[in-house]
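> Structure incoming, see below.
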Amino acid sequence: MDFQVVVLAGGTSKKLVPLVSKELPKALLPVANRPVISYVLELLELSNLKDIIVAVEGKEAHDCVEHWTDEAYIDRLRIKVERVPDDVGTAGALRAVAHLLTAKDILVVSGDIVSDVSPGAVAAAHRRHDAVVTTMLCSAPVSGPSDSGSSVAKDKGKKPGHYDRIGLDPTKQFLLYIATGTELEKDIRIQKSILCAVGQMEIRSDLMDAHLYAFKRSVLQEVLKQKDKFQSLKRDVLPYLVRTQLSSEVLLNGVPQPEENGHEKSSYQNNEEMLSQILANSSTASFHELYALGSRCSFPVRRTHKCCVYIASNSKYCMRLNSIQAFNDINRDVIGDASHLSGYSFSAQNNIIHPSAELGSKTTVGPHCMLGEASIMGDKCSVKRSVIGRHCRIGSNVKVVNSVVMNHVSIADGCTIQNSVICSNVQLQERVVLKDCQVGANFVVTTGSECKGEALAKKEK
């Protein structure tokens with residue numbers, strides 16, 4: 001399959017402070033003790049998509065990701081880690097690596113996706129329709145507190161989240177309209193030509209853009225070059241392509257399309273050849289082909305391009321690690337109902353305790369839990385629905401509930417941790433109580449501290 005893949009890995013997202021740092025960029029945040037980007041890379045490997053560019057913002061983040069990928073995927077994938085400018089958006093990051101793109105089609109995927117939807121299926125749908133862009137859509141998550149005890153405790157007072165508004169043709173193969181962000185507050189405006197051509201449109205609010213796209217390379221490169229103000233794939237590039245699909249301004253297969261209204265005269269023969277090519281590229285004529293012919297099959301052929309969708313099954317899992325809330329939820333899911341994504345074999349007790357880990361007397365590690373390599377727990381501890389990383393030292397009478405504890409963490413006797421994230425190399429002294437907190441790397445929480453809803457971290461120098 002002649003596809004290149006660009007994984008947009010970001011850098012040190014402000015939304016994820018204090019979890020991220022110069023030493024731990026977003027791409028390497030742990031999900032069930034594995035870097036989140038590994039979930040995307042292994043999905044790509046399963047689809048035999050092995051020619052991969054990873055775009056990373058910032059020098060420190062780039063170096064960390066490059067070092068990790070060199071060790072983890074040597075002789076498995078052809079990965080080139082490229083540094084891109086900070087804060088240029090997804091379109092800007094793609095623009096920075098556009099000169100490296102040579103394949104006919106490009107798969108673009110966010111590096112923070114945890115999913116079991118095959119990227120190869122999206123690529124195949126893209127090729128089948130000879131589309132300019134194919135967008136993967138998945139079911140929008142249900143808002144509200146989770147059954148696991150509420151890593152969403154702080155968000156209970158918030159209104160349910162608004163996701164994307166999607167317009168589909170009757171066959172549910174073509175994308176006719178998309179609105180997101182501030183556009184959701186505005187009235188729905190549909191191109192008259194699109195609505196007339198397709199006949200009817202289904203507006204969906206239960207689907208969301210999964211940030212996995214297939215693009216025709218020549219079109220992607222042209223749009224990024226010509227529309228140099230575009231910053232976001234989702235908010236700029238995709239709506240532009242959808243909006244102009246029946247009055248196309250892009251080059252298809254590198255060949256300019258004929259202009260209408262006599263601006264550029266094209267011979268009947270050239271238009272006939274173009275029409276033959278359009279019809280040959282599709283097994284059944286879509287509304288694009290019918291519109292291109294015109295009401296009386298007249299020439300010149302109207303300029304069109306196809307914007308397609310691949311809708312993932314409701315049974316599939318797909319979430320993005322783009323917030324602290326999502327970090328908690330995904331870790332909970334991957335050791336819980338979506339444990340097939342973890343890559344691990346769970347015990348009869350439905351948990352994972354590394355063979356090198358040690359448990360003290362009367363210590364219990366419940367279902368949907370993970371205890372990492374060489375971690376040691378003292379007596380009378382309790383772990384419920386939590387992930388504990390590698391080489392942690394945990395004292396006696398410690399309770400950990402609905403939490404993520406990263407690597408090399410020291411937790412003294414009598415501590416209670418609930419709905420919290422403890423980053424690597426943190427020290428919790430005796431009798432610390434944390435609820436709904438995030439503790440940044442290398443921080444020390446002093447004896448007897450009681451914290452609720454706080455972000456504790458060292459100040460950046």
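> Please work out the average accessible area per residue across the range 1-54, using the 1.4 Å probe convention, and give it in Å².
Per residue, the range 1-54 has 35 Å² of solvent-accessible surface.
> Please give the direction-averaged projected area of the C-alpha convex hull for the range 345-456, in square nanometres with one decimal.
5.6 nm²
> A further question on this structure: Antiparallel versus total DSSP beta bridges in the range 1-87: what percent is that, nearest 5?
In the range 1-87, DSSP labels about 15 percent of beta bridges as antiparallel.
> Would you mind checking the pairs Lys192/Lys216; Lys362/Lys458; Lys80/Lys458; Lys229/Lys316; Lys234/Lys459 and listing those with alpha carbons more than 28 angstrom apart?
Too far apart for the 28 Å limit: Lys362/Lys458; Lys80/Lys458; Lys229/Lys316; Lys234/Lys459.
> What are the ³J(HN,Hα) values, in whole Hz, obtained from phi via the Karplus relation 6.51 cos²θ - 1.76 cosθ + 1.60 with θ = phi - 60°, for each residue of the range 441-455 in sequence order, with x given for Gly and Pro?
Ordered by residue, 3J(HN,Hα) equals 4, 6, 7, 10, 9, 6, 3, x, 5, 10, 10, 9, x, 10, 10 Hz.
> Right, another one. Taking θ = phi - 60°, what integer Hz values does the Karplus form 6.51 cos²θ - 1.76 cosθ + 1.60 yield along the range 407-419, in sequence order, with x for Gly and Pro?
These are the phi-based 3J(HN,Hα) values: 8, 6, 9, 10, 10, 7, 4, x, 7, 10, 10, 9, 6 Hz.
> Starting from the residue with the highest accessible area, list Asp228, Asp112 in decreasing order, probe 1.4 Å.
Asp228, Asp112
> I've got another one for you. Give me the accessible area per residue for the range 345-456, probe 1.4 Å, as a whole number in Å².
43 Å²
> Report the local net charge at Ser356: Lys and Arg +1, Asp and Glu -1, summed over other residues whose C-beta lies under 14 Å from its C-beta.
0
> Quick one: what are the phi-derived ³J(HN,Hα) couplings along the range 202-214, Karplus 6.51/-1.76/1.60 with θ = phi - 60°, whole Hz, x for glycine and proline?
9, 8, 10, 10, 9, 10, 9, 5, 8, 6, 10, 10, 10
> Whole angstrom only: what separates the Cα centroid of the range 387-461 from the Cα centroid of the range 202-252?
First find each Cα centre; the distance between them is then 44 Å.
> Which order do you get for Glu82, Glu60 if you rank them by accessible area with a 1.4 Å probe, largest at the top?
Sorted by accessible area, descending: Glu60, Glu82.
The values are calculated or read from the model by the stated rules, or taken from the named source; none is laboratory data. Quick caveat, the model's predicted, so the values are computed rather than measured. Methodologically, a virtual Cβ is constructed for each residue, glycine included, from the backbone with ideal geometry; neighbour enumeration extends over all protein chains shown. Surface accessibility is based on the protein's heavy atoms, side chains included, excluding ligands, DNA and RNA. Shrake-Rupley method; radii C 1.70, N 1.55, O 1.52, S 1.80 Å.
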